[in-house]
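The structure appears below as structure tokens.
The values are calculated or read from the model by the stated rules, or taken from the named source; none is laboratory data. Not measured: the values here are computed from a predicted model. When we count neighbours, we look across all protein chains shown, and the Cβ atoms used for this are built from the backbone with ideal geometry, even at glycine.
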Amino acid sequence: MVAASLVWGVSGLGAWLVVEDPLSRARAVVVLGGHVPFRPMEAATIYRQGWAPEVWITRGPLDAEQAAMRQLRIEVPLEEVNSRAVLERLGVPPAAIRVLSEPAENTADEVRVIARELQRVGGVAVILVTSRPHSRRVRATWRALVGESPRGIVRYATAAPYDADRWWRHTNETLAVSREVFGLVNVWVGFPVQPGRR
């Protein structure tokens, strides 16, 4: 009985991490860092459906690998450059795309940057586009740091691969689920561990 419950709990964990809020009108659709091209693809779809007049892209800092490549005089496009290219390719007008100026190291930083920008420009909601396993943590982080108002409407990239029912069979998904579980615990206990890069 205990073993069956444990197996059910582990197998259900991948699906439990996945949440999504109903869409409603918002000030902007926001592409959270990571998982290019899937997150900007989803943001482009939401934009074209008319849910928001702009798409915002968060900006990460230059990481160690990018800095090393630049020292070697090898240009590697930054993630926000690739996200913008995906959005434009999928029909989002360049004038409707904005890269947020303040860099963010991690999800908590992204939430703070987005909330500050939303307060600056005015608005009651943003649509936060992330990946399936990251969606519950994005929602929990928004609620912990911002609250219920303004609203953070969480949506995930539908085209991104993720096997919620057999996540333990794939290294990438096992790492993603482990990271999200520990990240959620960190949110719930008040961020005692300084979050790392997304």
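Summary table below
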quantity: Every residue from region 48-71 that is in contact with a strand residue (DSSP E or B) (Cβ under 9 Å, 6 or more places away or on another chain), within 21 Å of ALA104 (Cβ to Cβ) and touching a residue at least 60 places away in the same chain (Cβ under 8 Å); calculated: ALA52, TRP56, GLY60
quantity: Any hit, region 125-135, residues being more than 23 Å from VAL86 (Cβ to Cβ), charged (D, E, K, R) and surrounded by 12 or more Cβ atoms within 10 Å (Cβ to Cβ); calculated: no
quantity: Selection from region 153-183 of residues that are in contact (Cβ under 8 Å) with a residue 60 or more places away in the chain and closer than 18 Å to GLU110 by Cα; calculated: ILE153, VAL154, ARG155, TYR156, ALA157, GLU180, GLY183
quantity: Listing of strands (runs of 3 or more DSSP E) fully contained in region 5-112 that carry 1 or more residues being hydroxyl-bearing (Ser, Thr, Tyr); calculated: 55-59, 97-103
quantity: Region 6-41: number of residues that are within 21 Å of GLU88 (Cα to Cα), touching a Phe, Trp or Tyr at 6+ places or on another chain (Cβ under 8 Å) and either surrounded by fewer than 24 Cβ atoms within 10 Å (Cβ to Cβ) or of a type in the set (Gly, Ala, Ser) (or both); calculated: 2
quantity: Only one of ALA144, ALA125 that is more than 29 Å from SER11 (Cβ to Cβ) and at pLDDT 95 or above; calculated: ALA125
quantity: Residue under evaluation SER131, criteria (1) farther than 22 Å from PRO22 by Cα; (2) of a type outside the set (Val, Ile, Thr); (3) in contact with a His (Cβ under 7 Å, 6 or more places away or on another chain), criterion not met; calculated: (1)
quantity: Verdict on LEU118 being in contact (Cβ under 8 Å) with a residue 60 or more places away in the chain and closer than 19 Å to PRO22 by Cα; calculated: no
quantity: Scan of region 130-169 for residues that are under 22 Å from PHE191 (Cα atoms) and of a type in the set (Val, Ile, Thr), ordered by number; calculated: THR130, VAL138, THR141, VAL146, ILE153, VAL154
quantity: Filter pass, GLU79 being surrounded by 15 or more Cβ atoms within 10 Å (Cβ to Cβ), of a type in the set (Asp, Glu) and at pLDDT 95 or above; calculated: no
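Okay, residues lined up against (1) more than 22 Å from ALA125 (Cα to Cα); (2) exposed (fewer than 15 other Cβ atoms within 10 Å of the Cβ):
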{"site": "GLU54", "(1), (2)": "no, no"}
{"site": "GLN66", "(1), (2)": "yes, no"}
{"site": "MET69", "(1), (2)": "yes, yes"}
{"site": "ALA104", "(1), (2)": "no, no"}
